[in-house]
Every structure is written in C-alpha cells, then in structure tokens.
Amino acid sequence: MEFLKKAYFFFLDFMQTVLLAASVFLVIYIFLFRPFQVSGESMFSTFKNKEYILTNLVAMRFEEPKRGDVIVFHSPTDKEKDFIKRVIGTPGDSVAVHEGSVYVNGIKLNESVYLDKEIKTYGGAFLRDGADPVLVPDGSYIVMGDNRPYSSDSREWGLLRKDEIIGKSFFVYWPITTARLISNPFDK
C-alpha cells in the first residue's frame, strides 16, 4: 500500500512538472519567440537552407522595422507560407533599382556586408530596373532576399504591409555548429 501511495504522489508531481513546462513553452511560443526553418536559397549566404532561426514576436509591436533588419512574414502571394527577407525600404523612403544596384533616397545602398560582390539586383514586375523610384507609404516596407537571383521579394510582388510581419529574426540556433546572432549591418 505504501508503494502505491508513493507511486501516486510521484505521478502527480511528474504531471505537475510536465504541465508547468508545457505552459511555459506555450506562452513563449505564442507570445515571445518562435522557431522558423529557412527553406530555400533566397537568403544565401546569410542563411543556409534548413537552418533554424528564432524570431522575436514582440519586437515589431514596440518598434518599427529598420533598414537591414531580417524579418519573417506571411507571404503576400500565399498566406500559408512564411518568408524571411531583409528590410530595404521603410516608410517615406524612395527605392529604385538601376543597373544591378539598389538606390534608397537617391543614394546607392552599400550592401557589401551581406551581399556577395558578384550579386546584382535586377528589377521585377513591381520594382523595375531603371524605372522611377517607388515611394514607400506609411505601414509598408520593401524587402529583398540576400540571394537576389533566387528570391521572390518586393521587386516582384510589391510592398509588404506591417500587419503581415510576424517578427524580427535574431538568432540562428541549428545546426549548433553555425549558431550565431543575427545583427543589422546598418546599426554599426
């Protein structure tokens, strides 16, 4: 009888621990941080295919995305998919693509920190090469992948609305050998 009593209390303690851990995990997952897997080559060489990143879900509620931030958002063309891209244009900016380079407010954007020197940025259906600059309205952003030839981004489908943004990515955690913080190259 004593054994059954001990087993019962052990089981209750175990279940309380499991429920507490699950509750903490759910609060973190729903309100604070969420893992995402990089799928594809659109952000190469910054991120490799199948890397896992942590995204801060709270940051975008208290601050606006800045040029250079890496964000995760719902795809404007397929709400079932999530994309990861870099913010290029913020509200009030004029953005143009000309002869393989990006210009923000008339100045060539220095992307050498995160773009390979051979990568050229060419226009698409929305942001055409050599066309007049696009003025980014309030509540919208222009985003691009770091591997421009293989990225579906604002050049094709246009402006990203703030309400489509899930969060700001801040840490690569898997594979463990490539774990690192994700920094904004323009904050230096």
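The values are calculated or read from the model by the stated rules, or taken from the named source; none is laboratory data. Predicted, not measured: the structure shown is a model, and the values here were computed from it. In this analysis, Cβ positions are derived from the backbone assuming ideal geometry, glycine residues included, and neighbour counts consider all displayed protein chains. Only protein heavy atoms, including side chains, enter the accessible area calculation; ligands, DNA and RNA are left aside. Shrake-Rupley method; radii C 1.70, N 1.55, O 1.52, S 1.80 Å.
Descriptive notes on the structure:
Here is a yes/no grid of residues against (1) within 24 Å of VAL38 (Cα to Cα); (2) in contact with a strand residue (DSSP E or B) (Cβ under 8 Å, 6 or more places away or on another chain); (3) modelled with pLDDT under 95:
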{"position": "VAL58", "(1), (2), (3)": "yes, yes, yes"}
{"position": "ARG86", "(1), (2), (3)": "yes, yes, no"}
{"position": "VAL102", "(1), (2), (3)": "no, yes, no"}
{"position": "GLU118", "(1), (2), (3)": "yes, no, yes"}
{"position": "THR121", "(1), (2), (3)": "yes, yes, yes"}
{"position": "GLY124", "(1), (2), (3)": "yes, no, yes"}
{"position": "ASP129", "(1), (2), (3)": "no, yes, yes"}
{"position": "LEU135", "(1), (2), (3)": "no, yes, no"}
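- Contacts under 9 angstrom Cβ, first residue in region 33-48 being under 16 Å from SER152 (Cα atoms) and free of Cβ contacts under 8 Å to residues at least 60 places away in the same chain, partner open to solvent by less than 30 Å² (accessible area, probe 1.4 Å) and part of a loop (DSSP other than H, G, I, E, B), 6 or more apart: VAL38/PHE47; VAL38/GLU51
- The numbered conditions (1) in a strand (DSSP E or B); (2) closer than 17 Å to GLY167 by Cβ are all true for PHE47 except (1).
- Among residues of region 77-115, those that are among the hydroxyl-bearing types (Ser, Thr, Tyr), surrounded by 12 or more Cβ atoms within 10 Å (Cβ to Cβ) and in contact with a helix residue (DSSP H, G or I) (Cβ under 7 Å, 6 or more places away or on another chain), counted: 1
- Note on region 130-172: residues that are open to solvent by 70 Å² or more (accessible area, probe 1.4 Å), closer than 21 Å to MET60 by Cα and outside any loop (DSSP other than H, G, I, E, B) total 2.
- Of all the criteria given as (1) open to solvent by less than 60 Å² (accessible area, probe 1.4 Å); (2) assigned to a loop (DSSP other than H, G, I, E, B), the one not satisfied by MET60 is (2).
- LYS66 falls short on exactly one of the conditions (1) out of contact with any Asp or Glu (no Cβ under 8 Å at 6 or more places or on another chain); (2) assigned to a loop (DSSP other than H, G, I, E, B), and that condition is (1).
- Options VAL87, VAL95, VAL113, VAL102: the member that is more than 27 Å from ARG61 (Cα to Cα), assigned to a strand (DSSP E or B) and in contact (Cβ under 8 Å) with a residue 40 or more places away in the chain: VAL102
- Residues of region 85-104 classified as more than 12 Å from ARG67 (Cα to Cα) and touching an Asp or Glu at 6+ places or on another chain (Cβ under 6 Å), total: 1
- Note on region 116-129: among residues that are of a type in the set (D, E, K, R) and either over 18 Å from GLY68 (Cα atoms) or touching a Pro at 6+ places or on another chain (Cβ under 6 Å) (or both), the one that is most open to solvent (accessible area, probe 1.4 Å) is ARG128.
- Residues that are within 12 Å of PHE170 (Cβ to Cβ), open to solvent by less than 10 Å² (accessible area, probe 1.4 Å) and among the aliphatic types (A, V, I, L, M), drawn from region 36-56: ILE53
- Number of the exception - ALA59 against (1) within 20 Å of the chain's Cα centre (by Cα); (2) closer than 26 Å to THR177 by Cβ; (3) not acidic (Asp, Glu): (2)
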